[in-house]
Amino acid sequence: MHRENEMVFNNCTEGIIITDHNQVIVRVNPGFTQITGYDSAEAIGKKPSFLKSHRHDDMFYQQIQNALNNDGKWQGEIWNRRKNGEIYSQWLTVFHCKDTGDADRYIGIFTDLTGYISNDSPGRNYAYYDSLTGLPNRMLLYDRLTYMLNLARRRKGIMGILQLDLNRFKIINDTLGYVFGDQLLQNVAQRLKACTREVDSVFRLGDDGFAVLLDDILHPQDAARVAKRILTACSQPFLIGNKELFITVSIGVSLFPGDGDHFELLLKNAETAMLRAKELGISNYQHYMPSMNTQAFEQLTLEHNLQKALQKKQFLVFYQPIIDLNTREIVGAEALVRWNHPDLGMISPIQFIPLAEEIGLIIPIGEWVLETACRQMRLWQDQFGKAFVISVNLSARQFQQQDLVASIDRTLKHTRFDARNLKLEITESIGMKNPEQTIMTLRQLKDMGALFAIDDFGTGYSSLSYLNRFPIDTLKIDRSFVMEMNPTTPESAIIDAIIAMAHSLSLNVIAEGVETPDQADYLLRNGCEQVQGFYFSRPVNAEEFGQLLKRPPWSKKETK
């Protein structure tokens, strides 16, 4: 080269690559090294194809070669791969210099189109990295995973993806602040890198989500070992400032080739496994299994059907009688929602209530149940000339409604139902989430005349000082105590204590799950006023409940 050309070659910020007539690299400039991350010793002697991103097919490269053969030049955009695995876009111009003998050369000049920044970190494009943790982000994950999959295919090897989330991270942020949360994420990133090999890669996917790519593992069990190592590392306390914090993570694992042969499927399956790990409990990892997709599909189908069930009038209200133990007469009923799907039949509330709660449909469903039950109970009161109390459950999501009081007031006015015959049931855990807010809401409803019951009492956490301040009327003993009850069991002692405490607070007691005459007799002897359970009646539809209201009181010797 002439001296001027040499200066341009060495100082040009664009990458320059020179090959011989066989397209073997004979020289590269410093700009090439800055952009690709490969120094001249690593490049010389190889063909430019070692930079391939595998985003282009063979036809693309054949078109470049045809242009060089016919026109001696090709120019256009091409995707190549840096040494760190990052796939990036470049504008490439290639000349075929047809001189004589050994001087026959190909010269390529390229510019990084992705906004390459080289001031402080050679080879790094900051669009591909998380500014908080310094880890590569989701954009680079896709590129890196595509590259690793191609390598694994050629090697006929195994590679793994671990996707993980920090559990309850939002609570940490909300309680301790975002600065604290950011420092925690930085510490987690360091521990994840410490748990992996040099050939593996750790990524931050956003918020509290991370991914780990395991390159060229020998056995599927190797991925499990890394997952366990991460769980152990993250179980150790994090010291941030003067605070010691414990966290847990949930990890999902998917493997190539067994769990998928392209990156979208592998990522989706790793996420599915991670969600399953969350369901099973804290500090857990799960390998992907096809049954997880079946379960997820069934859940998605159920959610889709649930969205339409209300407008298609597929919900029913069933009524379980509440019995006065002294008179054995029906004094009220608990309203229970049922879903009668035209194809799937009667779907258990255990299946759809948690889903309705999660996606927010519990609010319109709850409003429909309340209105239906109040209207039906008003009809029975008019028919039999007697006031019955209808009990309706309020879920956690309903109880958090800002317009809950106004919504119930509208329903009572619309159905012309007396609030004094409406008993609203909440669980201990709902009441204790925000006790002061609970007291305010209950008092507003109490001013309207509504009654209140603490449902499933004894299974949650209660503060007796707050319990005394709640304007409640009834404690409902959970069925789990009644089912195990006999004079010698601890459950009987608990029941006796609940009844005594309730009476000392001037509260009524209802026992759920009464299935035998012995249970009914024991409760009566120990002062329990009311019960409900299969011994008297299962939950029934409105027509059957109307027939129960016509029958005489249950005999003490009568058996169901």
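The values are calculated or read from the model by the stated rules, or taken from the named source; none is laboratory data. Note that the structure is a prediction, hence the values are computed from the model and not measured. Heads up, the Cβs are rebuilt from the backbone with ideal geometry, glycines too, and the neighbour counts pull from every protein chain shown.
Put simply, of ARG191, ARG168, ARG154 the only residue that is over 20 Å from LEU267 (Cα atoms) and free of Cβ contacts under 8 Å to residues at least 24 places away in the same chain is ARG154. Taken together, the residues in the range 407-439 that are of a type outside the set (S, T, N, Q) and under 32 Å from the mean Cα position of the chain (by Cα) amount to 12. Would a scan of the range 309-329 turn up a residue that is closer than 23 Å to ARG397 by Cα, assigned to a helix (DSSP H, G or I) and at pLDDT 85 or above? Yes: one or more hits.
For LYS423, the criteria (1) without any contact (Cβ under 8 Å) to a residue 60 or more places away in the chain; (2) outside any helix (DSSP H, G or I) hold in every case but one, which is (1). All told, ALA511 meets the bar of being at pLDDT 90 or above, of a type in the set (Gly, Ala, Ser) and either under 28 Å from GLU371 (Cα atoms) or surrounded by fewer than 18 Cβ atoms within 10 Å (Cβ to Cβ) (or both).
Annotation note: of GLY45, GLY15, GLY31, the sole residue that is in contact with a strand residue (DSSP E or B) (Cβ under 8 Å, 6 or more places away or on another chain), modelled with pLDDT of 85 or more and exposed (fewer than 13 other Cβ atoms within 10 Å of the Cβ) is GLY45. Scanning the range 195-232 for residues that are outside any helix (DSSP H, G or I) and either surrounded by 15 or more Cβ atoms within 10 Å (Cβ to Cβ) or within 23 Å of the chain's Cα centre (by Cα) (or both) yields a count of 20. Mind listing just one residue for me: the one in the range 366-392 that is among the polar types (S, T, N, Q) and over 19 Å from GLN530 (Cα atoms) and, of those, surrounded by the fewest Cβ atoms within 10 Å (Cβ to Cβ)? Filtering the range 366-392 for residues that are among the polar types (S, T, N, Q) and over 19 Å from GLN530 (Cα atoms), the one surrounded by the fewest Cβ atoms within 10 Å (Cβ to Cβ) comes out as GLN383.
Scanning the range 410-444 for residues that are touching a Gly at 6+ places or on another chain (Cβ under 8 Å), at pLDDT below 85 and among the acidic types (Asp, Glu) gives a single hit, GLU428. Put simply, of ASP215, ASP207, ASP174, ASP182 the only residue that is modelled with pLDDT under 90, under 15 Å from ASP130 (Cβ atoms) and among the acidic types (Asp, Glu) is ASP207. For the range 233-258, the candidate set comprises residues that are in a loop (DSSP other than H, G, I, E, B) and small (Gly, Ala, Ser); within that set, the residue that is surrounded by the fewest Cβ atoms within 10 Å (Cβ to Cβ) is GLY241. A count restricted to the range 358-374 and to residues that are at pLDDT below 85 and part of a helix (DSSP H, G or I) stands at 2. The criterion of at least 1 residues that are more than 40 Å from the chain's Cα centre (by Cα) is met, among helices (runs of 4 or more DSSP H) falling completely within the range 475-560, by 490-504, 517-525, 542-550. State which residue is surrounded by the fewest Cβ atoms within 10 Å (Cβ to Cβ) when the search covers only the range 262-277 and only residues that are under 14 Å from the mean Cα position of the chain (by Cα) and of a type in the set (A, V, I, L, M, F, W, C). Top of the filtered list is LEU275.
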